[in-house]
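Take a look at the structure set out below.
Every read-out reported here was derived from the displayed coordinates using simple, explicitly stated rules and does not represent laboratory data. Worth saying up front: this structure is predicted, and the values here are computed from it rather than measured. Note: ideal-geometry Cβ built from the backbone for every residue, glycine included; neighbour counts use all protein chains shown.
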Amino acid sequence: MNSLLIMGYTSFDLGIFNEKDIKVSIIKKAVKNRLIRYLEEGLNWLIFTGNLGFEYWALDVAKELQKDYNFQIGTIFSFETHGQNWNENNQVKLAHFKEVDFVKYAYQTYENPSQFRQYNDFLLENTEGALVFYDEENETKLKYMVERMKQMAEYQLEILDFETLQETFEDMNE
């Protein structure tokens, strides 16, 4: 696989507002385990969309893994205005998404809802698979992207769900 899209719940979706929350450590461990497997299989690119929460934690893990593995990180934001109204703490996190090997904006500003569909189409057409933190028991707007991914015959979708995180937590405590 050449490129892997990273998507998942936001910190708001998860009710995690403190980076020291034990759940963040569990998520990072689960992500690290999966990313190492992809990297050892020859993954070249990790693609992010710049969302706080799962993506930000996965970005932290990816940047750490770049010390030991040869791969590139890209962020493709939907709009140039992405995150412009975020608070100072979140602006720092936004800056991390911009401190990667490749940064691109799909559009300058929001004009109409079709831009989201076109943006999502672009992401799916330019990645071979995705690692998504999503659980069908806890639906969010991610549902639509996950459904699209499932419909694509050649697209490799790996779902990280709450049960997987529970297993990771148990492994961490053995």
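What is the distance in Å between the Cα centres of segment 1-46 and segment 64-87?
One Cα centre to the other: 13 Å.
If each Cα of segment 1-101 is one equal point scatterer, what is log10 of I(q)/I(0) from the Debye formula at q = 0.15, 0.17, 0.19, 0.23 Å⁻¹?
-0.59, -0.76, -0.94, -1.31
How big is segment 1-44 by Rg and Dmax over its Cα atoms, in Å?
12.8, 34
Within 15 Å, Cβ to Cβ, of Q156, how many net charges do the neighbouring residues add up to if Lys/Arg are +1 and Asp/Glu are -1? Show your work: numbers first, answer last.
Details: positive: R34, R37, R148, K150; negative: E41, E125, E128, E154, E158.
Summing Lys/Arg as +1 and Asp/Glu as -1 gives -1.
Please report, in whole Å, how far the alpha carbons of segment 117-174 spread along each principal axis, starting with the longest.
The Cα atoms of segment 117-174 stretch 44, 22, 18 Å along their principal axes.
Output the pairs from K63/K143; K67/K98; K93/K141; K20/K98 with a Cα-Cα distance over 25 Å in this structure; if there are none, say none. Please list the in-between numbers first.
Numbers: K63/K143 27 Å; K67/K98 18 Å; K93/K141 22 Å; K20/K98 23 Å.
K63/K143, as the Cα separations exceed 25 Å there.
Order these by the 10 Å Cβ neighbour count, fewest first: V92, V61, V146.
On the way: V92 10, V61 21, V146 18.
In increasing order of surrounding Cβ atoms, one gets V92, V146, V61.
Percent relative contact order of segment 1-80, based on C-alpha pairs within less than 8 angstrom and at least six residues apart? Walk me through the numbers before you get to the answer.
Working: 98 pairs, mean separation 33.3, N = 80.
Once divided by the residue count of segment 1-80, the mean separation gives 42 percent.
Please report, in cubic angstrom per residue, the volume enclosed by the convex hull of the alpha-carbon atoms of segment 3-172. Could you put the intermediate results ahead of the total?
Details: hull volume 20.6 nm³, N = 170.
For segment 3-172, the hull spanned by Cα atoms encloses 121 Å³ per residue.
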